[in-house]
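J.: Attaching a single structure in structure tokens format; questions to follow.
The values are calculated or read from the model by the stated rules, or taken from the named source; none is laboratory data. Everything numeric here is computed off the predicted structure, so don't read it as measured data. A quick note on method: Cβ atoms are made from the backbone with ideal geometry, for glycine too, and the neighbour counts reach across all protein chains shown.
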Amino acid sequence: ALPDPLVVAQLLVYTADGKEYREGANANERVHQQTESHRTAITRTFKPGGVYFLKVEANSPAYEVELRLRDLAPYTDPRKAVQQAIYDHMGQVDAWIINRPRGAAVDRRIRDTGNLMGTHCMSCHTQSGVWGPTVAFQHGYRPENIVNYRHLVNTMYESLRPTNTLAEAANNTSLAPLDLGDGPAGTRAAGWNASTAEDFLAPRRLHAMQQIRAANHVLQSADPSGINAAGPGSNVGPAVVYRFAGKILAEAYKKTRNEKYLLALEEKAEKLLSTTPRYADDLANRILFTTDIFIPRDENLAARLKAQALADLRRLRQLQRPDGMWQFDPGSSPDGFTWHAKPDEADVDPAPTALALTALSAMGFTDADPQVKKGVAALLRAQDPYGRWNNHALTGMVTTAYAIHALARLYPAAPPAPANFAPTPNESLADTVARVRAMAQLGLSPDDARHLPAVLPAAAHPHPQVRYWAHIALGALHDERGVSAQLAGLSDPVKMVREAARWGLRQTLLDDKGWDHLFAALPTMDDLGREALAGALIMRADATMTRSNAGFPRLTAAIAKLMNQDPSPAVRAWATRAAWNWWIWNPPVREALNAAFIDSLERPEPSSLTETAKRYQTEALFIVNGHRSNGSKEHQYPELESLFSAITKRIDHPLLSRRIVEIAGTYYNQAGGDGGPGQMGYITAGSAEMVGKAVYAYWNATSDNTKTRLALESAANATYDPLQKKLLEF
């Protein structure tokens, strides 16, 4: 459990003879489009009498290793199956996301590439890390590994990047063009995710318009043919598209009462009624659209949906196999009334089984129904030893989420008992740490704010372990009353406490609280405090449509000063990273930050580490319209063109020109395949001229072989005529 996913971590298990031990490993513990295999969640099967060693690596002074010994599935108790599935599912999906696929395991975290089409997208199947457990939380279950849930929720909102051309929308895509690509599917998955999450957990202020933005994207994009779920086996069929889109539109209508969302919802209902089921999943998804999502304004349409749901229910019942499972096959019928699935063991899967059970539950049936009881028993038998469900999909993440839904709805858990966090007389240090750590698990209920008075004294405790957990708790509660303690924590003498305070303050700022305190405290902060503050400002959040209290003029002035004038090299590096993230998510800050980046390019930088960090961060900004492998001709960020134009006018500045050459050569050896980092592309007007002039002058001024090599690498794909002629003559 790491307080901030900005670090590398890995867990490995060895036997007494020094060999790595992998028996019982989760099938998703593998390299997936990554150059390194760092895992923050693993499973292993331990044997009686065995001796095992756990190796833990983390580029952080503070992390918590949580070791749980569990009986292996399958279980006979459905609640135990759900609890273990939630624990394993969130841990594995979070590990997958922290490792951020598509070749960027290191680049995304340390160099933080700016490839918006790939490393910033949250894949459709990993979105299930939120919506799967969330439905169980609505039915009384609670996470044991809440840090994973928090990170996944943040990543879910971050994946919805505000669009440039589509009005007041957001897009989750791994492909060009920027506002569409594969976003019609990806954004429906992300919007369904946010809509489901907000049924349980209110969004923080700067996340509050992401669900509406997703709804606006649905209005302005065509429905895709399906939702990708990492290969066949989950989210199959057309009906899930309308179910996801319907949920997004229904929630947007409830929030705004704008008729356009209700009209679009009714349009999806009509399309759903005319859909020919290709999978058994389609039948269940159509039922769930009717029972859980549809708003029955049109009585005729509501009656037709209800009649179809009854017909789909009858068909689903007839498709159940003798062993209790369902197949993907939607069945065939000689008369439209009796249905039979073609017997095929290879077609059996937990996904259609879980969906069918969820549909039966939505129609009012419990495990008193023989078919439900048989289906539950079959689903329990199909669970992997460590808690996952899968058969056909590549990861089983969506399949597991479906199974969690089915069982949690049928077997709700008792709500957690009220907690008492008052210190006991003569409390030991170990008990204090445990008590404050327990408070760090808060934040899932609005009522948790009442515990803030118990948290605040712990933030000033003499022991750093207590202060660490107190700052995690303050972030979880994100209450204005805790901001002063959070700001003080940024300057804590112990790094692990500062990292916790950095994470915690970011959570509070995401709720649009604490800005006035922050700007008032900034002038008197020490170097460590300003460094942690710059890290806290690395946020991918919509402060524009949410009308944030941050105040863009004072925010951009502060970021510009931190990145260019601060005496601490660490502050300058972190602030540059914060700058380009704010640039992408918030159009009003772009011109001011363009000026800050030009200033940065022209200023001497005494720290080589900061110089390197700034190169990567500036390259991240330069490729927001796509790098050499995924340029987006449409939906571009227009302010990038104006930045390149301003730089070209100053290209004779020696420091600026040299840095443009170095930025252009960054990632020369990486093609940026499948959404990973890559060298600059020249899809933005003026970019080739800017780089071409800089490289041409740099090359002409040197006879050094190393510098000549840099010029050659930086010249790649820059179509500036004098430079191209020089390349041909070389």
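J.: May I ask you to list the residues in the range 377-428 that are surrounded by fewer than 16 Cβ atoms within 10 Å (Cβ to Cβ) and of a type in the set (Ser, Thr, Tyr)?
T.: Thr424, Ser428 - these are the residues of the range 377-428 that are surrounded by fewer than 16 Cβ atoms within 10 Å (Cβ to Cβ) and of a type in the set (Ser, Thr, Tyr).
J.: Would you pick out the residues in the range 654-686 that are in a loop (DSSP other than H, G, I, E, B), touching a helix residue (DSSP H, G or I) at 6+ places or on another chain (Cβ under 6 Å) and surrounded by 16 or more Cβ atoms within 10 Å (Cβ to Cβ)?
T.: Hits for the range 654-686 are Thr666, Tyr668, Pro677, Tyr682, Thr684, Gly686.
J.: I've got another one for you. Within the bounds of the range 210-231, is there any residue that is out of contact with any Cys (no Cβ under 8 Å at 6 or more places or on another chain), surrounded by fewer than 19 Cβ atoms within 10 Å (Cβ to Cβ) and in contact (Cβ under 8 Å) with a residue 60 or more places away in the chain?
T.: So far as the range 210-231 goes, yes, one or more of its residues are out of contact with any Cys (no Cβ under 8 Å at 6 or more places or on another chain), surrounded by fewer than 19 Cβ atoms within 10 Å (Cβ to Cβ) and in contact (Cβ under 8 Å) with a residue 60 or more places away in the chain.
Residue-by-condition table, conditions (1) acidic (Asp, Glu); (2) at pLDDT below 95; (3) touching a Lys or Arg at 6+ places or on another chain (Cβ under 7 Å):
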residue: Tyr157; (1), (2), (3): no, no, no
residue: Ala170; (1), (2), (3): no, no, yes
residue: Thr173; (1), (2), (3): no, yes, no
residue: Gly191; (1), (2), (3): no, no, no
residue: Arg204; (1), (2), (3): no, no, no
residue: Tyr242; (1), (2), (3): no, no, yes
residue: Leu263; (1), (2), (3): no, no, no
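J.: Picking from Ala27, Ala81, which residue would you name as being more than 25 Å from the chain's Cα centre (by Cα) and either aliphatic (A, V, I, L, M) or assigned by TED's automatic domain parsing to the domain that holds Ala406 (or both)?
T.: Answer to the check: Ala81.
J.: Evaluate the following for Ala592: is it farther than 20 Å from Ala664 by Cβ and either in contact with a Ser or Thr (Cβ under 6 Å, 6 or more places away or on another chain) or outside any helix (DSSP H, G or I) (or both)?
T.: So Ala592 fits the description; yes.
J.: Kindly establish whether Val153 is assigned to a helix (DSSP H, G or I) and modelled with pLDDT of 95 or more.
T.: Against the criterion (assigned to a helix (DSSP H, G or I) and modelled with pLDDT of 95 or more), Val153 qualifies.
J.: Being over 24 Å from the mean Cα position of the chain (by Cα) and either closer than 22 Å to Asp199 by Cα or among the aromatic types (Phe, Trp, Tyr) (or both), is that true of even one residue in the range 236-248?
T.: yes
J.: Let me confirm something: among Thr702, Thr706, which residue is part of a loop (DSSP other than H, G, I, E, B), over 30 Å from Leu175 (Cα atoms) and not aliphatic (A, V, I, L, M)?
T.: Thr702
For (1) in contact with a His (Cβ under 8 Å, 6 or more places away or on another chain); (2) under 16 Å from His125 (Cβ atoms); (3) of a type in the set (S, T, N, Q), each residue gets a yes or a no:
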residue	(1), (2), (3)
Val153	no, no, no
Thr173	no, yes, yes
Ala190	no, yes, no
Met209	no, no, no
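J.: Criterion first (more than 24 Å from Asp292 (Cβ to Cβ) and touching a strand residue (DSSP E or B) at 6+ places or on another chain (Cβ under 7 Å)) does Asp323 satisfy it?
T.: In short, no.
J.: Mind listing whichever residues of the range 434-451 are of a type outside the set (Gly, Ala, Ser) and outside any helix (DSSP H, G or I)?
T.: Answer for the range 434-451, where residues must be of a type outside the set (Gly, Ala, Ser) and outside any helix (DSSP H, G or I): Gln441, Leu442, Leu444.
J.: Separate question: Pick out the one residue from Glu251, Glu267 that is in the same structural domain as Thr358 (by TED's automatic domain parsing), surrounded by fewer than 20 Cβ atoms within 10 Å (Cβ to Cβ) and part of a helix (DSSP H, G or I).
T.: Glu267
J.: Follow-up question, since we're still on this one. Can you confirm whether Trp469 is aromatic (Phe, Trp, Tyr) and without any contact (Cβ under 8 Å) to a residue 40 or more places away in the chain?
T.: The answer is yes for Trp469.
J.: Give the residues of the range 298-330 that are without any contact (Cβ under 8 Å) to a residue 24 or more places away in the chain and touching a Phe, Trp or Tyr at 6+ places or on another chain (Cβ under 6 Å), sorted by residue number.
T.: The one that is without any contact (Cβ under 8 Å) to a residue 24 or more places away in the chain and touching a Phe, Trp or Tyr at 6+ places or on another chain (Cβ under 6 Å): Gln318.
J.: Right, something else. Name, by its number, the condition in (1) at pLDDT 95 or above; (2) surrounded by fewer than 21 Cβ atoms within 10 Å (Cβ to Cβ) that does not hold for Pro446.
T.: Result: Pro446 fails condition (1) only.
J.: Which ones in the range 452-484 are among the charged types (D, E, K, R), part of a helix (DSSP H, G or I) and under 26 Å from the mean Cα position of the chain (by Cα)?
T.: The answer is Glu480, and nothing else.
J.: Answer yes or no as to whether Leu609 is of a type in the set (A, V, I, L, M), buried (at least 19 other Cβ atoms within 10 Å of the Cβ) and in a helix (DSSP H, G or I).
T.: No; evaluated as a whole, the condition is false for this residue.
J.: Those residues that are at pLDDT below 95 and of a type in the set (A, V, I, L, M), I need them from the range 475-499; list them, please.
T.: Once the filter is applied, which keeps residues that are at pLDDT below 95 and of a type in the set (A, V, I, L, M), the range 475-499 yields only Met496.
J.: Please pick out the residue among Asn148, Asn154 that is within 17 Å of the chain's Cα centre (by Cα) and either without any contact (Cβ under 8 Å) to a residue 40 or more places away in the chain or surrounded by fewer than 24 Cβ atoms within 10 Å (Cβ to Cβ) (or both).
T.: Just one listed residue meets the conditions, Asn154.
J.: Of Asp94, Asp88, which residue is in a helix (DSSP H, G or I), at pLDDT below 95 and either under 28 Å from Gly676 (Cα atoms) or among the small types (Gly, Ala, Ser) (or both)?
T.: One residue alone meets the criteria, Asp94.
J.: So which of Ala341, Ala302 is farther than 20 Å from Leu360 by Cβ, among the aliphatic types (A, V, I, L, M) and surrounded by 14 or more Cβ atoms within 10 Å (Cβ to Cβ)?
T.: Just a single option satisfies the conditions, and that option is Ala302.
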